[in-house]
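Chemist: Below is one structure. I have some questions about it.
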Amino acid sequence: MNYIHSIEVNQLCQRVSDSSGVLDILSNVSFTVADGEAVAVTGSSGSGKSTLLGLLAGLDVPTSGQVKLLGHDLFTLDEEARAALRAAHVGFVFQSFQLLPNLTALENVMLPLELAGKPALEAARNMLERVGLKDRLHHYPKTLSGGEQQRVSLARAFVVQPRLLFADEPTGSLDTQNGRKIVDLMFALHREHQTTLMLVTHDVQLAALCQRELKLSAGQLQPN
């Protein structure tokens, strides 16, 4: 499918109701992201950053509005079709690593390829070597440092050669030195694979590495 924009968002709203009334988490958010672009989503805690990322990935359904992902109108698809789209085209990196503790580094990276029915072993080995972990293939997450676990997470995200990478505070659990290494590696892989990068962060220096910044405040997109 040919497309200019990896992501198109139109009038996206997310509201929740509780005992105190209706809360607007996101309100009329609209933007586009070009294929291969790196975009930072910034804002204070509670501004709607992670909610927006979840909607862009089709992990949640909005109150109203539209998200087109790689030309697909996400919320005209059922949950199974959205999951298939993510499996084929989207990688994720989280603050908390999200590795399976009972699988080795190699097995964690092989998993998304195996689930897709694709050859996994060689590709996973090569990707772990690319992120500097060729001597840690058979280590379990609990025996790896935080920085090493996040490198496994990056390898798992990029091994499927995703068109899109969603990263939610990827350095939030790391010290400054390891955080810097992860940032350098993530942006190197983003350039090598020409992957569209959507990065949620509160780190001003990290946001500045992206080509563009989307600022959220109280669920609304702020003018630059």
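The values are calculated or read from the model by the stated rules, or taken from the named source; none is laboratory data. Note that this is a predicted model, so its numbers are computed, not measured. We place every Cβ from the backbone using ideal geometry, glycine too, and count neighbours over all the protein chains shown.
The rows are residues; the columns are (1) out of contact with any Lys or Arg (no Cβ under 9 Å at 6 or more places or on another chain); (2) not polar (S, T, N, Q).
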{"position": "Asp18", "(1), (2)": "yes, yes"}
{"position": "Val22", "(1), (2)": "no, yes"}
{"position": "Ser30", "(1), (2)": "yes, no"}
{"position": "Glu37", "(1), (2)": "no, yes"}
{"position": "Gly54", "(1), (2)": "yes, yes"}
{"position": "Leu59", "(1), (2)": "no, yes"}
{"position": "Asp73", "(1), (2)": "yes, yes"}
{"position": "Thr76", "(1), (2)": "yes, no"}
{"position": "Gln95", "(1), (2)": "yes, no"}
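Chemist: A further question on this structure: Please find, within segment 146-194, the residue that is surrounded by the fewest Cβ atoms within 10 Å (Cβ to Cβ) out of those that are in a loop (DSSP other than H, G, I, E, B) and either at pLDDT 90 or above or at positive phi (or both).
Modeler: Per the stated criteria, the residue is Gln194.
Chemist: While we're here: Pairs only if they're at least six apart or on different chains, beta carbon under 6 angstrom, first in segment 92-107 and over 20 Å from His138 (Cβ atoms) and outside any loop (DSSP other than H, G, I, E, B), second of a type in the set (Lys, Arg) and modelled with pLDDT of 95 or more; list them, first residue then second.
Modeler: none
Chemist: Any residue at all in segment 41-56 that's touching a residue at least 60 places away in the same chain (Cβ under 8 Å), within 17 Å of Leu199 (Cβ to Cβ), polar (S, T, N, Q) and part of a strand (DSSP E or B)?
Modeler: Yes; the residues of segment 41-56 include at least one that is touching a residue at least 60 places away in the same chain (Cβ under 8 Å), within 17 Å of Leu199 (Cβ to Cβ), polar (S, T, N, Q) and part of a strand (DSSP E or B).
Chemist: Out of Glu169, Glu129, report the one residue that is without any contact (Cβ under 8 Å) to a residue 24 or more places away in the chain and among the acidic types (Asp, Glu).
Modeler: After applying the criteria, what remains is Glu129.
Chemist: Same structure, new question: Testing Val152 on (1) under 19 Å from the mean Cα position of the chain (by Cα); (2) farther than 19 Å from Leu197 by Cα; (3) among the hydrophobic types (A, V, I, L, M, F, W, C), one condition comes back false. Which one is that?
Modeler: (2) is the only condition that Val152 fails.
Chemist: Tally time: how many residues in segment 111-144 are assigned to a loop (DSSP other than H, G, I, E, B), out of contact with any Pro (no Cβ under 9 Å at 6 or more places or on another chain) and under 15 Å from Leu100 (Cα atoms)?
Modeler: 4
Chemist: Would you confirm whether any residue within segment 65-76 is more than 20 Å from Pro223 (Cα to Cα) and among the charged types (D, E, K, R)?
Modeler: Checked segment 65-76: at least one residue is more than 20 Å from Pro223 (Cα to Cα) and among the charged types (D, E, K, R).
Chemist: Right, something else. Within segment 78-90, can one find any residue that is assigned to a loop (DSSP other than H, G, I, E, B) and of a type in the set (Val, Ile, Thr)?
Modeler: So far as segment 78-90 goes, no, none of its residues is assigned to a loop (DSSP other than H, G, I, E, B) and of a type in the set (Val, Ile, Thr).
Residues are listed down the side, and each one gets a yes or a no for (1) within 21 Å of Gln211 (Cα to Cα); (2) of a type in the set (Asp, Glu); (3) surrounded by 18 or more Cβ atoms within 10 Å (Cβ to Cβ):
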residue	(1), (2), (3)
Ala38	yes, no, yes
Leu59	no, no, no
Ser64	no, no, no
His72	no, no, no
Glu79	no, yes, no
Leu99	no, no, yes
Leu115	no, no, no
Lys118	no, no, no
Glu122	no, yes, no
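Chemist: May I pose another question? Going through segment 172-207 one residue at a time, which ones are among the small types (Gly, Ala, Ser) and touching a residue at least 40 places away in the same chain (Cβ under 8 Å)?
Modeler: Scanning segment 172-207 gives Gly172, Ser173, Ala207.
Chemist: While we're looking at this one, here's another question. Regarding segment 210-223, can at least one residue be identified that is surrounded by fewer than 17 Cβ atoms within 10 Å (Cβ to Cβ) and part of a helix (DSSP H, G or I)?
Modeler: No, segment 210-223 contains no residue that is surrounded by fewer than 17 Cβ atoms within 10 Å (Cβ to Cβ) and part of a helix (DSSP H, G or I).
Chemist: Something else about it: Kindly check whether there is at least one residue in segment 169-178 that is within 11 Å of Ala38 (Cβ to Cβ) and not hydroxyl-bearing (Ser, Thr, Tyr). Working first, answer last.
Modeler: Narrowing segment 169-178 to residues within 11 Å of Ala38 (Cβ to Cβ): none.
Scanning segment 169-178 turns up no residue that is within 11 Å of Ala38 (Cβ to Cβ) and not hydroxyl-bearing (Ser, Thr, Tyr).
Chemist: Counting only residues that are part of a strand (DSSP E or B), at negative phi, surrounded by 12 or more Cβ atoms within 10 Å (Cβ to Cβ) and not β-branched (Val, Ile, Thr), how many does segment 1-30 have?
Modeler: 12
Chemist: What pairs come up if the first residue lies in segment 69-88 and is in contact (Cβ under 8 Å) with a residue 24 or more places away in the chain, the second is among the aromatic types (Phe, Trp, Tyr), and their beta carbons are under 9 Å apart, counting only those six or more places apart or on different chains?
Modeler: Once the first residue is in contact (Cβ under 8 Å) with a residue 24 or more places away in the chain and sits in segment 69-88, its partners that are among the aromatic types (Phe, Trp, Tyr) give Leu70/Tyr3; Gly71/Tyr3; Arg82/Phe75; Arg86/Phe92.
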